[in-house]
1. State the number of residues belonging to the stretch 70-90 that are of a type in the set (D, E, K, R) and part of a strand (DSSP E or B).
2. Any idea which residue in the stretch 165-202 is least open to solvent (accessible area, probe 1.4 Å), counting only those that are in contact with a strand residue (DSSP E or B) (Cβ under 7 Å, 6 or more places away or on another chain), modelled with pLDDT under 85 and of a type in the set (Gly, Ala, Ser)?
3. Picking from Glu33, Glu2, which residue would you name as being under 16 Å from the mean Cα position of the chain (by Cα), among the acidic types (Asp, Glu) and modelled with pLDDT under 90?
4. Does the stretch 101-120 hold any residues that are more than 17 Å from Gly164 (Cα to Cα) and open to solvent by 30 Å² or more (accessible area, probe 1.4 Å), and which are they?
5. Could you list, in sequence order, the residues of the stretch 68-90 that are β-branched (Val, Ile, Thr) and either buried (at least 19 other Cβ atoms within 10 Å of the Cβ) or touching a Cys at 6+ places or on another chain (Cβ under 7 Å) (or both)?
6. Could you tell me which numbered condition Gly155 fails, if it satisfies all but one of (1) under 12 Å from the mean Cα position of the chain (by Cα); (2) at positive phi?
7. On the basis of being assigned to a loop (DSSP other than H, G, I, E, B), open to solvent by 50 Å² or more (accessible area, probe 1.4 Å), in contact (Cβ under 8 Å) with a residue 24 or more places away in the chain and farther than 19 Å from Thr38 by Cα, does Tyr93 make the cut?
8. Mind listing just one residue for me: the one in the stretch 40-69 that is assigned to a loop (DSSP other than H, G, I, E, B) and among the β-branched types (Val, Ile, Thr) and, of those, modelled with the lowest pLDDT?
Amino acid sequence: MEPVIKRRSALRGAAVLAAGAAMPAGAVAAADEFPELTWRASGPAASPPPFRVRIISGIPAVVGYGTIVTLGPVIVQAISDRAFPLLLRTAGYSSLTATVTGTVMVADSRGLSGRLPVTIVFPRVTMPATAVETVLTGTATLTGSPQLPAVRNPGTMTIKAESGAKGAVTVFKDSGVSTSFPTTINLIGPSPVPPVATIEVR
């Protein structure tokens, strides 16, 4: 499925969730340069405390004007509340996997914007038996073409996550028995939601 681009495909150069482009040395954003968001997951089986979510790597801080950008994986962390592992353990489950599908909005320096679908896959994680924050580390990729055409407009490009993503969670018992259920993922916190990243097009 190709990304949906608004306004005469003016955002052909959206470099969101991109890595591996020709860019100046040291131009990859550090983990502490990405702001944290907050997710609340709710499903038919449970409504756990909110998760803190942040990007760790994979989105460049700078891309070259006119550069063809090859898409690459973005590493995402979802950090649970201290109570979450014990909630699962009390219910008899010891580990889980999750997949989240949603959309990001990308806007360039001229205000032209496009919506791009994204999928985040969190591999199976064993829950601690104590009340501690638990980190789920996943990989986010765009759904569609592995490349985006050249960036067109110099300046700052912003990337925002849209609320209302969908999730599929599978929880496992030590015996190997598993249970799957759908969830809705909503962003909570400041309004409007801050960008998850910015990219300088030079």
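1. Looking only at that region, the number is 0.
2. My answer is Ala197.
3. Within the list Glu33, Glu2, the selection yields Glu33.
4. Once the filter is applied, which keeps residues that are more than 17 Å from Gly164 (Cα to Cα) and open to solvent by 30 Å² or more (accessible area, probe 1.4 Å), the stretch 101-120 yields Ser109, Arg110, Gly111.
5. Val69, Val74, Val76, listed by residue number.
6. Unmet for Gly155, out of (1) under 12 Å from the mean Cα position of the chain (by Cα); (2) at positive phi: (1).
7. Taking the combined requirement at face value, the residue does not satisfy it.
8. Filtering first and then ranking leaves Ile68.
The values are calculated or read from the model by the stated rules, or taken from the named source; none is laboratory data. It should be emphasised that the depicted structure is a prediction, and the values quoted were computed from it without experimental measurement. Heads up, the Cβs are rebuilt from the backbone with ideal geometry, glycines too, and the neighbour counts pull from every protein chain shown. Ligands, DNA and RNA are excluded from the accessible area calculation, which covers all protein heavy atoms including side chains. Shrake-Rupley method; radii C 1.70, N 1.55, O 1.52, S 1.80 Å.
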